[in-house]
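The values are calculated or read from the model by the stated rules, or taken from the named source; none is laboratory data. Since the structure is predicted, the reported quantities are computational estimates derived from the model, not experimental observations. Every residue, glycine among them, receives a Cβ derived from its backbone with ideal geometry; neighbour counts consider all protein chains shown. Heads up: the accessible areas ignore ligands, DNA and RNA and are worked out on the full protein's heavy atoms, side chains in. Shrake-Rupley method; radii C 1.70, N 1.55, O 1.52, S 1.80 Å.
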Amino acid sequence: MTMQPPSQVSAARALVDQLLVCGVDRAYCVPGESYLSVLDACYERGLPLTVCRNEAGAAMMADAYGKATGRAGVCFVTRGPGAANAFAGVHIAQHDSTPLVLFIGQVERFVRERGAFQEVDYRAMFGGHAKWVVEINEASRVNELVARAFSVACAGRPGPVVVSLPKDMLEERVATRTHPPHPVVETAPGAAQMHELQRLLGEAQRPLLVVGGARWDEAARRALHNFAARFDLPVATSYRRLPLFDALDPRYAGDLGLSANPALVKRVQACDLLVVVGGRLGEIPSQSYRLLDMPKPRMTFVHVYPQAEEFGRAYSPDLAICATPRGFAAALSELRPPREIPWREETRAAHADYLAFSSKFEPSGEVDLARVMTWLSDTLPKDAIICNGAGNYAAWIHRYYRFCGLGTHIAPTSATMGYGVPAAVAMQQLLPERLVVSLNGDGDFLMNGQEFATAVQYGLPIVAIVCDNASYGTIRMHQERQFPGRVIATDLRNPDFAAYARAFGGFGATVERTSHFPAAFAAAQESRLPAIIHVKMDPDRITPTASLAEIRRAALDKS
Ligand SMILES: Cc1ncc(C[n+]2csc(CCOP(=O)(O)OP(=O)(O)O)c2C)c(N)n1
């Protein structure tokens, strides 16, 4: 049989063909003259693009897509300023272990190294952030290198890959064939390691599991729940990985993130076997590296992670298992619980502590975010998706919202402001039948609030809630702790966010009392438009537990 000679197409067209082979069904972009030929190839091949208002928004949408699907999110931006704007998304994807491929139009090859218009060395720019940065200089290698970009982004610990595309290279005609997509390999634990884990569980009196990281799917999550049920193990979730374990499962012990329940922190410190599955136990879940002794925790420490380089980075494990969450979860059914489980009461107490912490209301102003969050948690469908960025307002989500399904919370572990709106846009477009709610601080919202226009453009009825305390509240809190009373650069004079929504063609409502929130939310949903609910908060209610005045007083007393 003779092989058909490959046909001649532009490298841009070869690239888009390769994307389709790699399973890409949407890309997020801000157009640029540097990669017009790729846009045209998308036009020709029917690859859907979501056109955004800022490359930061586009890259965050691609990250949210990657988080929700486990497949690489794809973003196209122009050189120089476009790439600079997209940087935030690459940073998030690195910290969150999200597979993401960022394509950047680059200057022509024949002007490289002259400091040509918007020329940037992307290896230098993204080198410390991306898993791989490649500039494709040979049109004939587009298929090979694009296929590899997806492989690298998804392998082991997933992360971002940056592909630079010189404009003239994209326009060259080449005879190429698409490459088969690389398989994404699940690594499974060895029999000896599972045997050792079985032994450790047999000896434990007070074990505790912490789940985190990426690369989970429904089957792995279910297998983990079954394992926890058979062993009656208490399970905590790592920072911003709350949906990995059902909050209402009787074994859920709570969220080991920012402002974690002090009872949970104590419980982790007092356990005799700590099994961390999928996550890194980074600075936030390790409570600023004060949770455990370094480098060797006092308890027996088992770390399950998909990339061996991570072991011992902060904490030395007694048992290191290099496996993906799916590979590990699939092996859990082999383990047998002891005939008598000594920690049953401890598991009941852990869940009771969680329930008590997440239902205790502190004093508040006219708007009580604890009650708003509880109302949302009790009222929204269990598969509603909550997206947020960073700010103290998020502490109420972590504490009061009870997540009960994979992918129901999409938020950056890098605590990057401005993520909540683009993430919600991406989620609503990906999953049109689901209710998607974006939670934002006032400072947070205006970092990428322009993507509300994208929601309007594509008819995506997200409900964006803006928690307006007229300040960069988190920083004001830190300011009061460190420099009490010396307020600078943290006050904000805000627009009317409901009017902002209407000006964009959406629905807007303002809420100044807790009791008005449900009606505003219902009206937002009934409008079937992208909506903003402007929630006016008391600036003094800065955390779920302490007011600014209390924080200032405590700081003054100390000084
Ligand atoms: C992109 C980005 N810039 C700056 C910060 C530092 N930062 C963390 S929280 C915060 C203030 C957030 O204010 P706001 O969104 O109004 O929420 P609040 O804390 O008032 O609830 C800032 C500036 C950050 N995390 N991300």
Worksheet item: Taking segment 412-430, which residues are more than 10 Å from the ligand (Cβ to nearest atom) and either touching a helix residue (DSSP H, G or I) at 6+ places or on another chain (Cβ under 7 Å) or within 16 Å of Leu49 (Cα to Cα) (or both)?
Response: Thr413, Val421, Pro422, Ala423, Val425, Ala426, Met427, Gln428, Gln429, Leu430
Item to complete: Would you please list the contacts, defined by Cβ atoms under 7 Å and residues six or more apart or on different chains, that run from a residue in segment 455-470 that is open to solvent by 10 Å² or more (accessible area, probe 1.4 Å) to a residue that is within 16 Å of the ligand (Cβ to nearest atom) and in a strand (DSSP E or B)?
Response: Asp468/His534; Asp468/Val535; Asp468/Lys536; Ala470/Asp491
Discussion item. Can you report the number of residues in segment 475-513 which are within 12 Å of the ligand (Cβ to nearest atom), touching a residue at least 12 places away in the same chain (Cβ under 8 Å) and of a type outside the set (A, V, I, L, M, F, W, C)?
Written reply: 4
Worksheet item: Cβ-Cβ below 7 Å, separation at least six or inter-chain, first residue in segment 384-407 and within 11 Å of the ligand (Cβ to nearest atom), second charged (D, E, K, R) and open to solvent by less than 10 Å² (accessible area, probe 1.4 Å): which pairs?
Response: Gly389/Asp444; Ala390/Asp444; Gly391/Asp444
Worksheet entry | segment 194-223, residues that are buried (at least 18 other Cβ atoms within 10 Å of the Cβ) and not in a helix (DSSP H, G or I) | Ala204, Pro207, Leu208, Leu209, Val210, Val211, Gly212, Gly213, Ala214, Arg215, Trp216
Item to complete: For segment 351-381, name all the residues that are among the polar types (S, T, N, Q), in a helix (DSSP H, G or I) and open to solvent by 20 Å² or more (accessible area, probe 1.4 Å).
Response: Thr374, Thr379
Response to the item:
The residue that is farthest from the ligand (Cβ to nearest atom), considering only those in segment 435-474 that are closer than 22 Å to Leu548 by Cα and among the small types (Gly, Ala, Ser), is Ala470
Discussion item. If Pro181 meets every condition in (1) free of Cβ contacts under 8 Å to residues at least 40 places away in the same chain; (2) more than 22 Å from the chain's Cα centre (by Cα); (3) closer than 16 Å to Leu100 by Cα apart from one, which number is that one?
Written reply: (1)
Worksheet entry | Matching residues, segment 512-550, being open to solvent by 20 Å² or more (accessible area, probe 1.4 Å) and assigned to a helix (DSSP H, G or I) | Thr514, Ser515, His516, Pro518, Ala519, Ala522, Ala523, Gln525, Glu526, Ser527, Ala549, Glu550
Worksheet item: Could you say which residue among Arg402, Arg336, Arg326, Arg348 is closer than 26 Å to Met299 by Cα, open to solvent by 20 Å² or more (accessible area, probe 1.4 Å) and outside any helix (DSSP H, G or I)?
Response: Arg336
Worksheet item: Scanning for something within 16 Å of the ligand (Cβ to nearest atom) and more than 30 Å from Leu201 (Cβ to Cβ), does segment 348-364 turn up at least one residue?
Response: yes
Discussion item. Anything in segment 224-245 that is surrounded by 19 or more Cβ atoms within 10 Å (Cβ to Cβ) and either part of a loop (DSSP other than H, G, I, E, B) or aliphatic (A, V, I, L, M) (or both)? List them, or say none.
Written reply: Leu224, Ala228, Leu233, Pro234, Val235, Ala236, Tyr239, Arg240, Arg241, Leu242, Leu244, Phe245
Worksheet item: Can you spot a residue in segment 140-159 that is part of a strand (DSSP E or B), of a type outside the set (D, E, K, R) and at pLDDT 95 or above?
Response: no
Worksheet entry | Residue identified as surrounded by 22 or more Cβ atoms within 10 Å (Cβ to Cβ) and in a strand (DSSP E or B) among Gly449, Gly443, Gly508 | Gly508
